[in-house]
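Here is the structure we will look at, set down as structure tokens.
Each reported figure results from applying straightforward, stated rules to the coordinates on display, with no laboratory input. Just so you know, these numbers come straight off a predicted model, no measurement behind them. Positions of Cβ are backbone-derived with ideal geometry, glycine not excepted, and every protein chain shown enters the neighbour counts.
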Amino acid sequence: MKTSVKNNVNRYLFNDVQFETSAAHFSQFPTIDLPEIAIVGRSNAGKSSVLNCIFNRKKLAFTAKEPGKTRLLNFFSVRCNGKATARMVDLPGYGYAKVDKCLKKNWERTLLDFILTRKMLVASLMITDCRRPLTETDGIMLDILLEKKIPYHVLLNKSDKLNNSEKIATLEECKKALEKIDAKFKINGSCSLFSASKKVGLKELQFKLMEWLTR
Ligand SMILES: Nc1nc2c(ncn2[C@@H]2O[C@H](COP(=O)(O)OP(=O)(O)OP(=O)(O)O)[C@@H](O)[C@H]2O)c(=O)[nH]1
Ligand SMILES: [Mg+2]
């Protein structure tokens, strides 16, 4: 662990977070400058569940069995000693076909506007379902993150659905696939197994977030 992270272990306890606002359009994005981490991924991969898990809250972000639950960009302020110090942004999922085309176009546009233009974005957490990691749309999103030089971490969520040997194989395959997509994967990115349902991999993820927020 980096020294800067070690020194800040107590800074982010991930127990003080507040919903800030929702946005359907870039004109509604918060304007106060804070380091932001975007949570991206396919619909139903578990983005909102991961956010709830990080902060040990059940209903901070709304989750659903059906894909397409999060349709706005939801901004959450992370607080330290009562003061907002960072933001987590729960984004609508991409790659879900069964929604009204116009609506989908609008939210995918806003999502792209956010990733492409947001100056406060310090990193991105990509949530995947470990049974279908790194789909074509995830690849497109990774290309955008690389183009914008945004550090990323790929979370192989729902690992409770795999047995031990499947977990090891999935993690290895994902690392190899990321090395193919990104020649500088070891510098720009990382990946880990996770289960939002069972809270597995949480400490490692929180350290990653702290590393990004305390750079
Ligand atoms: N088994 C298992 N199910 C999970 C896990 N994480 C999330 N889920 C389930 O997956 C479904 C989708 O979770 P959400 O958190 O709503 O997914 P999302 O990516 O935010 O979905 P959208 O907002 O529609 O893009 C829900 O039924 C969750 O309970 C996990 O770690 N394990
Ligand atoms: Mg969601």
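Under the rule of at least 5 residues apart or a separate chain, name every residue whose amide H is placed under 5 Å from the amide H of residue 87.
Here 36, 37, 78 satisfy the definition.
HN-Hα J couplings of segment 71-86 from phi, Karplus 6.51/-1.76/1.60, θ = phi - 60°, integer Hz, Gly and Pro as x?
For segment 71-86, the Karplus-derived couplings read 10, 10, 8, 10, 9, 10, 9, 9, 10, 10, 6, x, 10, 5, 10, 7 Hz, x marking Gly and Pro.
For the chain, what class follows from the C-alpha gyration tensor (a ≥ b ≥ c being the square roots of its eigenvalues): rounded when a/c is under 1.5, otherwise prolate if a/b is larger than b/c, else oblate? The partial results should precede the final answer.
Numbers: a/c = 1.29, a/b = 1.03, b/c = 1.26.
Since a/c stays below 1.5, the shape of the chain is classed as rounded.
Would you calculate the separation in nanometres between label points at residue 108 and residue 165, each defined as 7 Å from the Cα along the Cα-to-beta-carbon direction?
The two pseudo-label positions are separated by 3.9 nm.
Along the Cα→Cβ direction, 7 angstrom out, place labels at residue 137 and residue 117. What is the inter-label distance in nm?
2.2
Among the listed pairs 119/176; 119/158; 186/208; 161/208; 65/175; 184/208, give every one whose C-alpha distance is greater than 20 Å. Let's see the in-between values first.
Values: 119/176 30 Å; 119/158 31 Å; 186/208 14 Å; 161/208 23 Å; 65/175 28 Å; 184/208 18 Å.
In this structure, 119/176; 119/158; 161/208; 65/175 lie more than 20 Å apart at Cα.
Select from 144, 32, 181 the residue whose mean-square fluctuation is largest in a Gaussian network model of the chain (Cα-Cα springs shorter than 10 Å).
Comparing 144, 32, 181 in the GNM, the peak value goes to 32.
Mind listing the long-range amide H neighbours of residue 197? Cut-off is under 5 Å, sequence gap 5 or more, other chains count too, H placed in the peptide plane at 1.01 Å from N.
When sequence neighbours closer than 5 places are left aside, the close amide H contacts are 158.
Compute the relative contact order of segment 58-167 as a whole-number percentage, counting only Cα pairs closer than 8 Å that sit 6 or more residues apart in sequence.
Numbers: 104 pairs, mean separation 21.2, N = 110.
Relative contact order for segment 58-167 comes out at 19 percent.
Classify segment 159-215: rounded, prolate or oblate, from the alpha-carbon gyration tensor (a ≥ b ≥ c, eigenvalue square roots; a/c under 1.5 rounded; otherwise prolate if a/b is larger than b/c)? Show your work: numbers first, answer last.
Values: a/c = 3.51, a/b = 1.10, b/c = 3.19.
Because a/c hits 1.5 or more and a/b fails to exceed b/c, segment 159-215 counts as oblate.
Under 1.5 on a/c is rounded, so check that first for segment 27-94, then, if it is not, pick prolate when a/b is larger than b/c and oblate when it is not; a ≥ b ≥ c are the square roots of the alpha carbon gyration tensor eigenvalues.
Note, shape of segment 27-94 comes out oblate.
Could you check the spin-label model distance between residue 16 and residue 183? Points 7 Å from the Cα along Cα→Cβ, value in nm.
Result: 4.5 nm between the two label points.
Can you list residues whose amide H is under 5 Å from residue 154's amide H, if they're 5+ apart or on another chain and H is modeled 1.01 Å from N?
126, 190, 191, 192
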